[in-house]
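Have a look at the structure below before the remarks.
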Amino acid sequence: MLKRFVGLLLMTSTLTTAGAALAQVSDPDARARAMVDAMTLDEQIGVLRTQAGFGLLSLGVPLPASIPESMRKATPPGALGSAGYVPAVERVGMPAQQMSDASLGVGNLGGFIRRGDEATSLPATLALAATFDPELARAAGDMLGAEAHAKGFNIQLAGGVNLTREPRNGRNFEYAGEDPLLAGQIVGAQVAGIQGRHVVSTVKHFALNAQETGRFVHDAQLDEAALRESDLLAFEIAIDRGRPGSVMCAYNRINGDYACESQFLLGKVLKGDWQYPGWVMSDWGASHSLAPALKAGLDQESPQDGPYFDGLKAAVERGEVSPERVRDAAYRIVRSFHAVGVIDDPAKPGGAIDKDAHAEVAERVALSGMVLLKNDGVLPLAATARKILVIGGFADKGVLSGGGSSQVMPYGGHFTDRRGRDGIAAILAPVYGLSSPLAALKALRPDADIQFDDGGDPARAAALAKGADVAIVFATRPEEEGMDAIAPDLPYGQDALIAAVGAANPRTVVVLETGNPILMPWLSKVGAVLQAWYPGQRGGPAIAKVLTGEVSPSGRLPMTFPAGVAQLPRPAIPGFDPNNRKPLGLGAKVAPFAVPFPEGADVGYRWFERRKAKPLFAFGHGLTYTTFGYSKLAAKGGEGVSATFTLTNTGPREGTEVAQLYVAPPGRTHRLAGWARVTLKPGESRQVTIVADPRLLASYDVKAGAWRRAGGSYDLYVGKAAGSRDLVAKASLTEGGR
Ligand code: BGC
């Protein structure tokens, strides 16, 4: 009835009337059905084929040979100049799909596509994960959604939730660390924030895209139970919390099949077991077929491959693909547009952006996500520290960001570090936002004599440090999409610089701007280490506030920092060739190879527990300017597991603790099952209860095709980090399955 009514309207009225009539139907499913049924087959196919939203030919400059043929086009009319564009189906009121990257802000790779278009640059998603604060993640998403909307984008390619299995992976800064519960909660909350602004968000890259090396060809091999309990669990939690309109399938193969044509991933798990109602889009160049991909569950083909979907109409006519499958794929896109509110509140370029409020969100994330790894008392900077030497890391100019498709060109300007770069690599060189920690520190400490040395000569820097009350070395390590790091160390001789300065003055603070763990051969020589990740738009002031103690650090590590690569499940990155590293992986031709995961579901800290290995810094670790005591644990079993304990601020300042509950089902390693982020005044105590997320108590039984909770005794501990075991108890679960 409804269908006939809308169909009639569409035939006899203008677009505006039809759109208004559709808007009166409140149910997104019914509205989407009506809209899709009003589309012709050609129109339905049209919404399934994304083209590049920018054309390099429009730049009018000679293009390097490494640029693929598919990118040698002009910007399509109507496209805003971004990652992806699908024309509108105006007749039925379906707007154009304007897709922008990514999780850290409204991207503008290289800054040369939409010249001069800047955006608020959030800290790395790792920093967001380090906050252990889903509410803040939601605020970050809200900010990002608002900005995307105001710039005319209605799809944000955000929601990177691949677990850190490889701490040299060049894209870890875009993801939320190694733990499925933490990553799922943080990314899910961010997605919900984006979508609250009527912009569809993705989650990506589904799944097991754990390394960039050979990302277009490698075969990630992991058994089903382990997969369900780790990487898929992160997606499941993120989808549950964020309800993203779309899932982006990954480049890699998984157990032999390309992720974008994996019947297991897309058909069985995502659309079957999880009953996911949104659409699956391929990563840019990740689709490899037409009928098999559609059959497995791919709904939309992205640019840079094929284009296989060009043959879709002919395939329907030949009977290889059913018209129902095409309709279903189009329906899923249209449904997400309705469900997220894209149709009722269309994004248009030129909207107002409250840049100050947005910068403030970025600063809050930076402040809450910085992790104080070591402190022998040199921080916060004492009032008596009058002679301060700041060294290196371009701290006089700004702060580093991660590279690749997620690159945001920050408000306030930037500069690129072109050291060792030419051709396309120079265009994509590391970007520093002009938010100077040195200037911010000077503003907060007008009483101090603060000098800067660029760190180019370790001996000179060390000599100057000798005469200073405190030396602060800024160390930066660019990371980027498409390539993994050669080793977990600092480039450009910065390890030697820190060692020299630390030897000259033990009151040396190291501020790390990295997107991954690094080894710290100089650790015993320095007084403090502050992990600032890529701290975003307001990184400079945020770092200065933490150094001076205006704000106490409260971040906790979302990934284990290993003491050496020998501790890792894969001491060498499979397929890695140090001589074949290209920005975005462009032109890096490699033969297919397997990536085995001996750690199974025991990712990160669980692998360290299994191997009884001692990391450099554990998952969950982070200091602040006060201390906390734990006491009076009461553990409860029964239907679920919970822990109640008393937390006391035993130090001299207000501070924030992230108390963590780890639970081990019988015979398994401990898993983070919940946490509480608690701020207490000096001397204040609070009773805290953490209820274990039931998803972390279960294990996947492949034979039964179901999650099972083993009955029996669950070992649990509450504490400051994985393995810290401040309070230990056992709780018995009475039930044996769910
Ligand atoms: C990346 C995606 C990104 C897409 C569009 C791909 O290379 O892997 O994360 O969303 O490009 O820019």
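Among the residues making up the stretch 699-725, those that are more than 30 Å from the chain's Cα centre (by Cα) and within 20 Å of Q660 (Cβ to Cβ) are Y714, D715. Taking the criterion of being surrounded by fewer than 18 Cβ atoms within 10 Å (Cβ to Cβ), touching an Asp or Glu at 6+ places or on another chain (Cβ under 7 Å) and at pLDDT 95 or above, no residue of the stretch 615-639 qualifies.
Of the helices (runs of 4 or more DSSP H) entirely within the stretch 375-472, those holding at least 3 residues that are at pLDDT 95 or above and either crowded, with 17+ Cβ neighbours inside 10 Å or not aliphatic (A, V, I, L, M) (or both) occupy 437-444, 458-466. Whenever a residue of the stretch 72-86 is β-branched (V, I, T), its partners that are within 16 Å of the ligand (Cβ to nearest atom) and not in a loop (DSSP other than H, G, I, E, B), lying with C-beta atoms within less than 7 angstrom and at least six residues away or across chains, give the pairs V86/R49; V86/Q97. When G433, G455 are checked against the criterion of being at positive phi and touching a strand residue (DSSP E or B) at 6+ places or on another chain (Cβ under 6 Å), G455 stands alone in meeting it. Would you confirm whether or not the stretch 341-359 contains a residue that is surrounded by fewer than 24 Cβ atoms within 10 Å (Cβ to Cβ), under 25 Å from the mean Cα position of the chain (by Cα) and basic (K, R)? Yes, some residue in the stretch 341-359 is surrounded by fewer than 24 Cβ atoms within 10 Å (Cβ to Cβ), under 25 Å from the mean Cα position of the chain (by Cα) and basic (K, R).
Among the residues of the stretch 575-583, some residue qualifies, meaning at least one is in contact with a Ser or Thr (Cβ under 8 Å, 6 or more places away or on another chain), within 16 Å of the ligand (Cβ to nearest atom) and either touching a residue at least 24 places away in the same chain (Cβ under 8 Å) or in a loop (DSSP other than H, G, I, E, B) (or both). Taking the stretch 206-308 and the helices (runs of 4 or more DSSP H) fully enclosed by it, the elements with 1 or more residues that are within 15 Å of the ligand (Cβ to nearest atom) are at 231-242. Checked against the criterion of being farther than 16 Å from L80 by Cβ, of a type in the set (A, V, I, L, M, F, W, C) and within 15 Å of the ligand (Cβ to nearest atom), the candidates A124, A130 yield just one match: A124. Assessment of the stretch 329-351 against the conditions (within 16 Å of the ligand (Cβ to nearest atom), out of contact with any Pro (no Cβ under 7 Å at 6 or more places or on another chain) and in the same structural domain as A207 (by TED's automatic domain parsing)) yields no matching residue.
Considering only residues in the stretch 148-204 that are under 16 Å from L122 (Cα atoms) and out of contact with any helix residue (DSSP H, G or I) (no Cβ under 9 Å at 6 or more places or on another chain), the one that is surrounded by the fewest Cβ atoms within 10 Å (Cβ to Cβ) turns out to be L157. Give me a count of the residues in the stretch 84-103 that are over 23 Å from K204 (Cβ atoms) and within 15 Å of the ligand (Cβ to nearest atom). Residues in the stretch 84-103 being over 23 Å from K204 (Cβ atoms) and within 15 Å of the ligand (Cβ to nearest atom): 0 in total. For the stretch 473-495, give me each residue that is part of a loop (DSSP other than H, G, I, E, B) and within 16 Å of the ligand (Cβ to nearest atom). Scanning the stretch 473-495 gives E479, E481, G482, D484. Of the residues that make up the stretch 355-369, is at least one part of a loop (DSSP other than H, G, I, E, B) and modelled with pLDDT of 95 or more? No; the residues of the stretch 355-369 include none that is part of a loop (DSSP other than H, G, I, E, B) and modelled with pLDDT of 95 or more. Selection of first residues in the stretch 162-176 that are over 17 Å from L519 (Cβ atoms) and basic (K, R) and of second residues that are part of a loop (DSSP other than H, G, I, E, B) and away from the ligand (no atom under 16 Å from the Cβ), restricted to Cβ pairs under 6 Å at least 6 apart or on distinct chains, gives the following pairs, ordered by first then second residue: R165/V603.
Can you tell me which residue within the stretch 40-83, out of those that are modelled with pLDDT of 95 or more and of a type in the set (A, V, I, L, M, F, W, C), is nearest to the ligand (Cβ to nearest atom)? Selected residue: A83.
Of all the listed residues (L208, L222, L182), the sole one being over 18 Å from G285 (Cβ atoms), in contact (Cβ under 8 Å) with a residue 24 or more places away in the chain and more than 12 Å from the chain's Cα centre (by Cα) is L222.
Scanning the stretch 184-205 for residues that are closer than 28 Å to L697 by Cα, hydrophobic (A, V, I, L, M, F, W, C) and within 16 Å of the ligand (Cβ to nearest atom) returns V187, V191, V203.
In this structure, does A601 turn out to be among the small types (G, A, S), part of a loop (DSSP other than H, G, I, E, B), surrounded by fewer than 19 Cβ atoms within 10 Å (Cβ to Cβ) and more than 16 Å from the ligand (Cβ to nearest atom)? Spelling it out, it is not the case that A601 is among the small types (G, A, S), part of a loop (DSSP other than H, G, I, E, B), surrounded by fewer than 19 Cβ atoms within 10 Å (Cβ to Cβ) and more than 16 Å from the ligand (Cβ to nearest atom).
The values are calculated or read from the model by the stated rules, or taken from the named source; none is laboratory data. Being a predicted model, the structure only gives us computed values, none of them experimental. Please note: Cβ atoms are built from the backbone with ideal geometry, for glycine as well, and neighbour counts cover all protein chains shown.
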